[in-house]
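Have a look at the structure below, then the notes.
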Amino acid sequence: MRRLASYVLILACFPSAIAATVRVSVTGATKNVYVEEGPIFGYSSYQHIPDGTPFTLIYTFDDQRGKEKILAVDKEIITESEITNTATAAPGTNAILQIGDATWEFGSSTLSSAKLSTSLDRKRYELTFATPARGNHVSVVIQPSKDGTWPVNADWRASFMATSLLNSTGEFSADNNRVSAKGHLVPLSLTVSGIDVGGQWLSYTTIAGSAKSPSWSRRWHLTHPSHEGGYIVEEVTRTFTGIQSAGAAIISTRDRYWTAWKVPPGSTDISDAVDSFAPGAEGVGTGVHTVCATARFYEGLILPEQFSAGQSPYAGSLLSSTIAPDLRTSHATLPVSVKATLQ
């Protein structure tokens, strides 16, 4: 298994895509659940909810909130990926726990994550969720049995089901300052309703320079042939500090644009899909460019008409746009983000 040490695939620095909703449903039975202050889940204060009472837990995640990472790959297959919260956003938009016939809605999270692992020695799906309210959290760690169904490709957003679980655990605390309960959960089944991109993912190979050299060129690559074809679309934000072409010093300017490369059906490598970052463009001047860029491959995408050659001076002859496109991530690969400092 190969850990990605040279670069990390992360969520956009300035995300503009339209989010996909990922719902994760866990069913099972309770264990050692106690009501502290009732009524809650149909039980009064200081009662023990009988072990084995059925529960359903539904998480909802927004894939454009927080930070996504591909953590490991093996033989062109993602074996671990995750989404976690940042200082300003958390991906978990809600969690609802039903025990028996009663439900508890946790609301939006401040700390949440989803991590899927599929390597032979580490098959598990870890979900965490906590809200600002005191004592409100619900987390599960789900592991399949030896012969249980489990995905091969570890895209955390991908739809799948698992019913043969082994040593899976969960725990929760629900408290609104009036009623409260806490205890353990024993997951028995898992259903992820998300997206299906057939294990596709986007990566790049550096062909010249680096993120800290005067220029940097990378070639895009798909792991599997694209069935329908589509486009690789990259969002780029450049912050420039230096000397304008007329000689006047400036503090900084910021340019935001999108570039696109067409991918024909059946292709993995695209001959002209070279992404080059150079320190300047004609008429811009000289100085330091800080580049923040994020790309996805969108299967079956019809490129918006706003893209054409020459829209951004930094994109050269590539198809580009200075207007944010409305692109949905429901048929897109996990994002690839890079940062570079060019001078």
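Set side by side, the residues Ser330, Ser308, Ser317, Ser321 differ, and just one is surrounded by fewer than 14 Cβ atoms within 10 Å (Cβ to Cβ) and touching a residue at least 12 places away in the same chain (Cβ under 8 Å), which is Ser308.
In segment 301-343, which residues are within 16 Å of Arg218 (Cβ to Cβ) and of a type in the set (A, V, I, L, M, F, W, C)? Those that are within 16 Å of Arg218 (Cβ to Cβ) and of a type in the set (A, V, I, L, M, F, W, C): Ala315, Leu318, Val336, Val338, Ala340, Leu342. The residue pairs whose first member lies in segment 114-141 and is farther than 17 Å from Ile58 by Cβ, whose second member is charged (D, E, K, R) and part of a loop (DSSP other than H, G, I, E, B), and whose beta carbons are closer than 8 Å, counting only pairs six or more residues apart or on different chains, are Leu116/Asp155. Picking from Ser16, Ser45, Ser25, Ser6, which residue would you name as being farther than 21 Å from Ala332 by Cα and either outside the structural domain of Arg124 (by TED's automatic domain parsing) or modelled with pLDDT under 90 (or both)? The conditions single out Ser6. Selection of segment 61-76 for residues being crowded, with 18+ Cβ neighbours inside 10 Å and either assigned to a loop (DSSP other than H, G, I, E, B) or among the hydroxyl-bearing types (Ser, Thr, Tyr) (or both) yields Asp63, Gln64, Arg65, Gly66.
Just one residue in the set Ser164, Ser168, Ser145 is surrounded by fewer than 21 Cβ atoms within 10 Å (Cβ to Cβ), assigned by TED's automatic domain parsing to the domain that holds Thr60, touching a Pro at 6+ places or on another chain (Cβ under 9 Å) and of a type in the set (Gly, Ala, Ser); that residue is Ser164. The residues on offer are Asp63, Asp101, and the sole one that is of a type in the set (Asp, Glu) and modelled with pLDDT under 95 is Asp63.
The values are calculated or read from the model by the stated rules, or taken from the named source; none is laboratory data. These numbers come from a predicted model, not from an experiment. Cβ sites come from the backbone with ideal geometry, for glycine too, and all protein chains shown count toward neighbours.
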